[in-house]
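S.K.: This structure is in structure tokens; I'll ask about it shortly.
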Amino acid sequence: MGMGRQKNKKDGGRGGGGFTVLFTALMIILLSFFILLNSMATIDNRREREALGSIRGSFGVLPGGMSLGGRKMKGGHLSGMGTEDSLKDLVKYLKREGLMERVAVSKNEKGLMITFAEGIFFSSGSSDIVISAIPLLDKIGEMILSISNPVQIEGHTDNIPIHTERFPSNWELSASRAANILRYFIKKFEIFPGRLFAVGCGEYRPLSPNNSEESRAKNRRVNIVILNKL
């Protein structure tokens, strides 16, 4: 009986050791998992900050016409007390909907340009705003309301001709798209029409050569341009 008890004691010791190894392995796996989640969250937050910084940094100013150095600016800036919150909401929406890769921000002599891929707002060959684009347009409309700058809406196409009863050329298609977005902002947000401009550029201001589908896709776009305030 003494040998039996001794054998059971040894077996129990091995079992306890196995449980310790298993428990340690599980803790290491869980720790690795949480480290990975934290890294992914950090990357997403950094991308959000970079996108917001690109929009604000293009003008180098803060809401209300204040520069980063605290000096009052006289022109060429975003003006409005709610600008920063509206920009944050726009960037968060783009991130949440997985649209960050289909939107670009740049600065040119006219002002701050936010470029949206064609498919975000319209179906191919159509100027009717797709239902899925309404929440995004609302975010942009709120941003426009929060500033006093004039805003230009540009429609662009690739060089593949379109010949329909409604759109004899890409000019008509691009102009109709810009006008429909402008009309939406005026109707939904009652923005003063004198602040908004609709421009149809057709195929004549390409971003890249129209020599492949990938290239043509870059040229099919809508620009929302927050113009420098004169």
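S.K.: Quick check on my filter: what residues within region 98-120 are surrounded by 18 or more Cβ atoms within 10 Å (Cβ to Cβ) and over 20 Å from SER86 (Cα atoms)?
M.R.: If the condition is that a residue be surrounded by 18 or more Cβ atoms within 10 Å (Cβ to Cβ) and over 20 Å from SER86 (Cα atoms), then GLU118 is the only one that fits.
S.K.: Under 8 Å by Cβ, and 6 or more places apart or on different chains, what pairs join a residue from region 90-118 that is within 21 Å of ASN219 (Cβ to Cβ) with one that is in a strand (DSSP E or B) and among the basic types (Lys, Arg)?
M.R.: Partner pairs satisfying both residue conditions: MET113/LYS107; THR115/ARG221; PHE116/ARG221; ALA117/ARG221; GLU118/ARG221.
S.K.: Hey, does region 112-133 have a residue that's over 20 Å from VAL199 (Cα atoms), β-branched (Val, Ile, Thr) and either in a helix (DSSP H, G or I) or in contact with a Cys (Cβ under 9 Å, 6 or more places away or on another chain) (or both)?
M.R.: yes
S.K.: Next question. Inside region 103-121, can you point out the residues that are among the polar types (S, T, N, Q) and closer than 17 Å to ALA179 by Cα? Can you show your working first?
M.R.: So the first thing to find is which residues in region 103-121 are among the polar types (S, T, N, Q), and the list is 106, 108, 115.
Residue satisfying the conditions is THR115 alone.
S.K.: Something else: So, in region 155-193, of the ones that are in contact (Cβ under 8 Å) with a residue 60 or more places away in the chain and buried (at least 17 other Cβ atoms within 10 Å of the Cβ), which residue ends up farthest from PRO135 (Cα to Cα)?
M.R.: The initial filter retains those residues of region 155-193 that are in contact (Cβ under 8 Å) with a residue 60 or more places away in the chain, namely 155-159, 181.
So of that shortlist, the ones also buried (at least 17 other Cβ atoms within 10 Å of the Cβ) come out as 155-158, 181.
Values: GLY155: 20, HIS156: 22, THR157: 23, ASP158: 26, ILE181: 13 Å.
The extreme case among them is ASP158.
S.K.: Oh, and also: Residue by residue through region 111-164, note down the ones that are at pLDDT 95 or above, in contact with a Ser or Thr (Cβ under 7 Å, 6 or more places away or on another chain) and farther than 20 Å from SER208 by Cβ.
M.R.: SER127, VAL130
The values are calculated or read from the model by the stated rules, or taken from the named source; none is laboratory data. Here the structure is a predicted model, which means the values were calculated and not measured. Please note: Cβ atoms are built from the backbone with ideal geometry, for glycine as well, and neighbour counts cover all protein chains shown.
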